[in-house]
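Here is the structure we will look at, set down as structure tokens.
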């Protein structure tokens, strides 16, 4: 049991033994059959006592969901916390991430008033506690935008891999490649990035992937 100064209620947390952290967000990107621990994480998340957080003053949760039957996990985890989540994309029955996701995200950004925005893929992201705690962590190390990271470089193009592998701190971790399915950032920063992503060319190597477009424009947004 771990308590935060800003979250005094005693609430169970999972511990990442590799890094010694207590993550509040989980993303099972890729094929679930390759994620043997994922069912246990889901069971833990939905076994926690429900909360009634309501709208958070500093951060808004958003996601994309076109109504496909595989979608909705992120929203369910938010509902468990009593956390409102803005959902976009329902007008696109035939969904292509590279085409639809950037403009839908930009539309959602125009609908929020908070300084920060939390995005999680509807299909395979879980949130376990108050996202205000995540904002506290972001401000502690002065970041404006943080993506989830993974060990796999996708799309697997050499120049993407070289750029991210050369970023500060990358050599100390196997998790050095960004994943577009989960991120937290200041709205102004996120808007600039996704305007660039929206206008970027679709990659021939991964025509369905907005992650490829993100990685394509990322060097222009890294200080």
Quiz prompt | Condition check for residue 105: surrounded by fewer than 20 Cβ atoms within 10 Å (Cβ to Cβ) and either in contact (Cβ under 8 Å) with a residue 12 or more places away in the chain or not in a loop (DSSP other than H, G, I, E, B) (or both) | solution = no
Exercise. Go through (1) assigned to a loop (DSSP other than H, G, I, E, B); (2) surrounded by fewer than 20 Cβ atoms within 10 Å (Cβ to Cβ); (3) modelled with pLDDT under 95 and name the single condition residue 29 misses.
Key: (2)
Practice problem: Scan segment 89-103 for residues that are touching a strand residue (DSSP E or B) at 6+ places or on another chain (Cβ under 6 Å) and farther than 13 Å from residue 195 by Cα and jot them down. | Solution: 89
Quiz item: Can you name every residue in segment 72-102 that is surrounded by fewer than 20 Cβ atoms within 10 Å (Cβ to Cβ) and part of a loop (DSSP other than H, G, I, E, B)?
Solution: 72, 82, 84, 90, 91, 92, 93, 94, 95, 96
Quiz item: Could you say which residue among 52, 43 is farther than 15 Å from residue 130 by Cβ and either in contact (Cβ under 8 Å) with a residue 60 or more places away in the chain or loosely packed, with under 13 Cβ neighbours inside 10 Å (or both)?
Solution: 43
Exercise. Looking at (1) in a loop (DSSP other than H, G, I, E, B); (2) surrounded by fewer than 20 Cβ atoms within 10 Å (Cβ to Cβ); (3) touching a residue at least 24 places away in the same chain (Cβ under 8 Å), find the lone condition where residue 136 falls short.
Key: (1)
Quiz item: Which one is nearest to the chain's Cα centre (by Cα), of the residues in segment 196-215 that are crowded, with 17+ Cβ neighbours inside 10 Å and farther than 18 Å from residue 106 by Cα?
Solution: 206
Quiz item: Name the residues in segment 139-167 that are in a loop (DSSP other than H, G, I, E, B) and touching a strand residue (DSSP E or B) at 6+ places or on another chain (Cβ under 9 Å), would you?
Solution: 143, 144, 151, 152, 153, 154
Quiz item: Hey, does segment 108-130 have a residue that's part of a helix (DSSP H, G or I), at pLDDT 95 or above and under 29 Å from residue 204 (Cβ atoms)?
Solution: yes
Quiz item: So is residue 14 at pLDDT 95 or above, part of a loop (DSSP other than H, G, I, E, B) and closer than 21 Å to residue 130 by Cα or not?
Solution: no
Exercise. Among the residues of segment 172-218, count how many are in contact with a helix residue (DSSP H, G or I) (Cβ under 6 Å, 6 or more places away or on another chain) and farther than 21 Å from residue 85 by Cα.
Key: 16
Quiz item: Quick one: would you say residue 152 is without any contact (Cβ under 8 Å) to a residue 60 or more places away in the chain, surrounded by fewer than 17 Cβ atoms within 10 Å (Cβ to Cβ) and within 19 Å of the chain's Cα centre (by Cα)?
Solution: no
Quiz item: Within the bounds of segment 174-190, is there any residue that is out of contact with any strand residue (DSSP E or B) (no Cβ under 7 Å at 6 or more places or on another chain), assigned to a loop (DSSP other than H, G, I, E, B) and without any contact (Cβ under 8 Å) to a residue 40 or more places away in the chain?
Solution: yes
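The values are calculated or read from the model by the stated rules, or taken from the named source; none is laboratory data. Keep in mind that what you see is a predicted model, and the values were worked out from it rather than measured. Quick reminder, even Gly has a Cβ in these numbers, built from the backbone with ideal geometry, and neighbours come from all protein chains shown.
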